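These notes are about the structure you will find just below.
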Ligand code: HEM
């Protein structure tokens, strides 16, 4: 039985951060943001700042893992399998949507002036991020189920058992010549 350990680990390193980003974003949208309503301004600001810094770390690590595992995964799949014509265009769309998710996520947990401006409308932008993640996951399901067949093996170049001399070179040793 052949077990592809590297493949399994790379899959774990993709699914776990994906689950964290999906779950975290929905939790922020449906639990955290509504719970902040009605809190005194000072308390809300302190709480948001404490959560922002912690989430930014988790989010950054997840993005790194998704990129590393995703890129090595798509390279190994393309090398090993013949894929349907729609696979790579659909993968391209997924990749662009994922980049948009990474951008919005980092702005929503960032500290720059433009990040702070976006955070003032966080309910809207977190909803957009959640919708994009949903699209990424649905597309990933289609990619996962795409029909794939192992690529045909390249035929070995035929060898005659004789050394061929490059034009202009001399054969120094001919293994097929009768011994003197
Ligand atoms: C928001 C970010 C992302 C999410 C939520 C996400 C989610 C997923 C999920 C749920 C799967 C299916 C896993 C399985 O069934 O084994 C998957 C597969 C995959 N993802 Fe991602 N992903 C994200 C970003 C990326 C990025 C940035 C790349 C590439 C750079 C990538 C490349 C891939 C590849 C190649 C597969 C395997 C597809 C196949 O089986 O043919 N993903 N992703």
Positions within the stretch 35-50 being farther than 18 Å from residue 109 by Cβ and either touching a residue at least 12 places away in the same chain (Cβ under 8 Å) or surrounded by 11 or more Cβ atoms within 10 Å (Cβ to Cβ) (or both), in sequence order: 39
Residue match in the stretch 48-57 (condition: part of a helix (DSSP H, G or I), in contact with a helix residue (DSSP H, G or I) (Cβ under 8 Å, 6 or more places away or on another chain), within 30 Å of residue 6 (Cα to Cα) and away from the ligand (no atom under 12 Å from the Cβ)): yes
Residue 23 assigned to a helix (DSSP H, G or I) and under 17 Å from residue 126 (Cα atoms): yes
Given (1) touching a helix residue (DSSP H, G or I) at 6+ places or on another chain (Cβ under 6 Å); (2) exposed (fewer than 14 other Cβ atoms within 10 Å of the Cβ), number of the condition residue 124 does not satisfy: (1)
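Regarding residue 146, is this residue over 19 Å from residue 20 (Cβ atoms), in contact with a helix residue (DSSP H, G or I) (Cβ under 6 Å, 6 or more places away or on another chain) and either modelled with pLDDT under 95 or surrounded by 11 or more Cβ atoms within 10 Å (Cβ to Cβ) (or both)? Break it down into steps so the answer makes sense when it comes.
Details: over 19 Å from residue 20 (Cβ atoms): yes; in contact with a helix residue (DSSP H, G or I) (Cβ under 6 Å, 6 or more places away or on another chain): yes; either modelled with pLDDT under 95 or surrounded by 11 or more Cβ atoms within 10 Å (Cβ to Cβ) (or both): yes.
Spelling it out, residue 146 is indeed over 19 Å from residue 20 (Cβ atoms), in contact with a helix residue (DSSP H, G or I) (Cβ under 6 Å, 6 or more places away or on another chain) and either modelled with pLDDT under 95 or surrounded by 11 or more Cβ atoms within 10 Å (Cβ to Cβ) (or both).
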Extreme residue, farthest from the ligand (Cβ to nearest atom), among residues of the stretch 69-87 that are closer than 17 Å to residue 136 by Cβ and exposed (fewer than 14 other Cβ atoms within 10 Å of the Cβ): 86
Members of the stretch 68-94 that are in contact (Cβ under 8 Å) with a residue 24 or more places away in the chain, in contact with a helix residue (DSSP H, G or I) (Cβ under 9 Å, 6 or more places away or on another chain) and assigned to a helix (DSSP H, G or I): 68, 69, 70, 72, 73, 76, 77, 87, 90, 91, 93, 94
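The values are calculated or read from the model by the stated rules, or taken from the named source; none is laboratory data. The model shown is predicted, which means the values in this text are computed figures rather than measured ones. Counting neighbours? That spans all protein chains shown, and the Cβs are built from the backbone with ideal geometry, glycine included.
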